[in-house]
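Read the structure below first, then the notes.
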Amino acid sequence: SQQGEEDPQALSIQEGENATMNCSYKTSINNLQWYRQNSGRGLVHLILIRSNEREKHSGRLRVTLDTSKKSSSLLITASRAADTASYFCATAPRWTDKLIFGTGTRLQVFP
Amino acid sequence: DVKVTQSSRYLVKRTGEKVFLECVQDMDHENMFWYRQDPGLGLRLIYFSYDVKMKEKGDIPEGYSVSREKKERFSLILESASTNQTSMYLCASSSPERWSFYEQYFGPGTRLTVT
């Protein structure tokens, strides 16, 4: 099964609202990364949080990591129509060198 | 900026054909990856390479092979295309050493349809 599972699978909001996506995983990790994918395109790296970090910010993005609950959240504040995309978490498990991607959250931001 | 390019955005092939998907990166990255992406399944790793002529199987290598003759180029080969290989194929590269600590840079993807 997938190492990372995003929740919700789909999210629709109005411009200006905040969007929160969650990711849960199953084993110990070295780091967790969030990626964004515009429709039919490749993925773009957004932010990486290491296992010893609890929170990280990048512009309108805020990522939290709770290793005790094996979960992470991505918050996009003051969303824009251009934020419409799919968002994926990717975990780097301790027992392997691979990145394991989840199935993604599809975010729709209406103008 | 890192640039990862893929030879085709869209490709239509017939069952049984040999298919080559090419990926080129311009950042001198040692590590390169091939994924396939299917609805509801996320990204699944097919093969990865950590050096020229070096390769390792990912999670779903069956029906695929790879070639890395030059550092900047990583090719995915479908020896005999089948309809269940219809998918979006994504190539990525990353910095060397402990590569899973570092971000992966993705190409735009190739949407392959096998009829």
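At a glance:
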item	result
Chain pair A, B: total accessible area buried, heavy atoms, 1.4 Å probe, Å²	1900 Å²
Per-residue mean of C-beta atoms belonging to partner chains within 10 Å, peptide A:37-46	6
Protein accessible area in the protein assembly as shown, 1.4 Å probe - carbon and sulfur %	47 percent
Links that overshoot a 23 Å alpha carbon limit, given the list A:26/B:71; A:69/A:98; A:56/B:71	A:26/B:71; A:56/B:71
Amide H contacts of residue A:17 (H built 1.01 Å from N, under 5 Å, at least 5 apart or other chain)	A:79
Per the protein assembly as shown, cysteines lacking a partner by the 4.7 Å Cβ criterion	none
Antiparallel DSSP beta bridges within chain B, as percent of all bridges there, nearest 5	90 percent
Residue-normalised accessible area of the protein assembly as shown, expressed per residue, 1.4 Å probe, Å²	47 Å²
Inter-label distance, nm, simple model (7 Å from Cα along the C-beta direction), residue B:7/residue A:94	4.2 nm
Within chain A: Cβ-based charge dipole about Cα centre, in debye rounded to nearest 20 (Lys, Arg +1; Asp, Glu -1)	260 debye
Heavy atoms of residue A:45: accessible area, 1.4 Å probe, square angstrom to 10	40 Å²
Selected from A:8, A:52, A:90, residue furthest toward positive end of dipole (chain A; charges at beta carbon)	A:52
Inter-label distance, nm, simple model (7 Å from Cα along the C-beta direction), residue A:38/residue A:17	2.4 nm
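The values are calculated or read from the model by the stated rules, or taken from the named source; none is laboratory data. All figures in this text were calculated on a predicted structure; none of them were measured in a lab. In this analysis, Cβ positions are derived from the backbone assuming ideal geometry, glycine residues included, and neighbour counts consider all displayed protein chains. Heads up: the accessible areas ignore ligands, DNA and RNA and are worked out on the full protein's heavy atoms, side chains in. Shrake-Rupley method; radii C 1.70, N 1.55, O 1.52, S 1.80 Å.
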